[in-house]
Amino acid sequence: EAQVTQNPRYLITVTGKKLTVTCSQNMNHEYMSWYRQDPGLGLRQIYYSMNVEVTDKGDVPEGYKVSRKEKRNFPLILESPSPNQTSLYFCASSQGQGGTGYTFGSGTRLTVV
Amino acid sequence: SQQGEEDPQALSIQEGENATMNCSYKTSINNLQWYRQNSGRGLVHLILIRSNEREKHSGRLRVTLDTSKKSSSLLITASRAADTASYFCATAGAGSYQLTFGKGTKLSVIP
């Protein structure tokens, strides 16, 4: 089944403790992206990647890092999480330059206390 | 930066009625897409309409695009309780992979 897999689904952590949210897609998509979703703010893009070793900032990149060493994986790294990074995170992938729909993962609900 | 703005923010209708949601955007686009999100779940791609298209259908969905007014509408005909969800429009600029989402319309279909 074609899908984007995110892990973990839920995560509670403490301020300052480094964490990684994994994202993997099995569709050989070139483009991958991370979004965060907050009430009243909608979905905002954090980082995106157009291919292996090619990443760029989205609208809200502060406090996040990403890497794209393999085509299928695009992990999101929070080196020193803070409470304002409590949010619902989504990974998505797409083939084609904006001309096809995105496939989204099921989301990771992160709470930083 | 937020590109699309959906209207209304919330919509409540009876099962069997039609639901119409609107989306306005600011800059020129390559295509516009609609997504559905059930509470707390991932977004599901519904339909994509390109800038040179005016109308597109998929099952009970009908999407229109007016590039002169920078607006789009999503019509769901003969709604069902299972259509209860949030609906988002998203725009892709020319030559761009990036999608920019609006804040969504929350649709409630009452059985």
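The values are calculated or read from the model by the stated rules, or taken from the named source; none is laboratory data. Predicted model only: the values in this text are computed from it and were never measured. Counting neighbours? That spans all protein chains shown, and the Cβs are built from the backbone with ideal geometry, glycine included. Accessible surface is based on the protein model in full, side chains and every heavy atom, while ligands, DNA and RNA are left aside. Shrake-Rupley method; radii C 1.70, N 1.55, O 1.52, S 1.80 Å.
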Scanning segment B:73-103 for residues that are within 10 Å of the chain's Cα centre (by Cα), within 14 Å of chain A (Cβ to nearest Cβ) and open to solvent by 10 Å² or more (accessible area, probe 1.4 Å) gives B:SER86
Within segment B:11-35, the residues that are open to solvent by 70 Å² or more (accessible area, probe 1.4 Å) and more than 22 Å from A:ASP59 (Cα to Cα) are B:SER12, B:GLN14, B:GLU15, B:GLU17, B:ASN18
Those strands (runs of 3 or more DSSP E) completely within segment A:3-113 that have 3 or more residues that are without any contact (Cβ under 8 Å) to a residue 24 or more places away in the chain are A:42-51, A:54-57
What do you reckon, is B:ARG41 open to solvent by 20 Å² or more (accessible area, probe 1.4 Å) and either outside any loop (DSSP other than H, G, I, E, B) or under 15 Å from B:PRO8 (Cβ atoms) (or both)? no
Those residues of segment B:11-38 that are part of a loop (DSSP other than H, G, I, E, B) and either out of contact with any Ser or Thr (no Cβ under 7 Å at 6 or more places or on another chain) or not acidic (Asp, Glu) (or both) come to a total of 9
Among A:ASN28, A:ASN51, the single one that is over 14 Å from A:ALA92 (Cβ atoms), within 11 Å of chain B (Cβ to nearest Cβ) and either in contact with a Phe, Trp or Tyr (Cβ under 8 Å, 6 or more places away or on another chain) or of a type outside the set (Asp, Glu) (or both) is A:ASN51
Exactly one of B:ARG60, B:ARG41, B:ARG36 is within 12 Å of chain A (Cβ to nearest Cβ) and touching a helix residue (DSSP H, G or I) at 6+ places or on another chain (Cβ under 9 Å), and that residue is B:ARG36
* To do: Might you check whether a residue that is open to solvent by less than 40 Å² (accessible area, probe 1.4 Å) and away from chain B (no Cβ under 14 Å) occurs anywhere in segment A:56-66?
  => yes
Across (1) exposed (fewer than 14 other Cβ atoms within 10 Å of the Cβ); (2) within 14 Å of another protein chain (Cβ to nearest Cβ); (3) on the phi < 0 side of the Ramachandran plot, B:LYS69 clears everything bar (2)
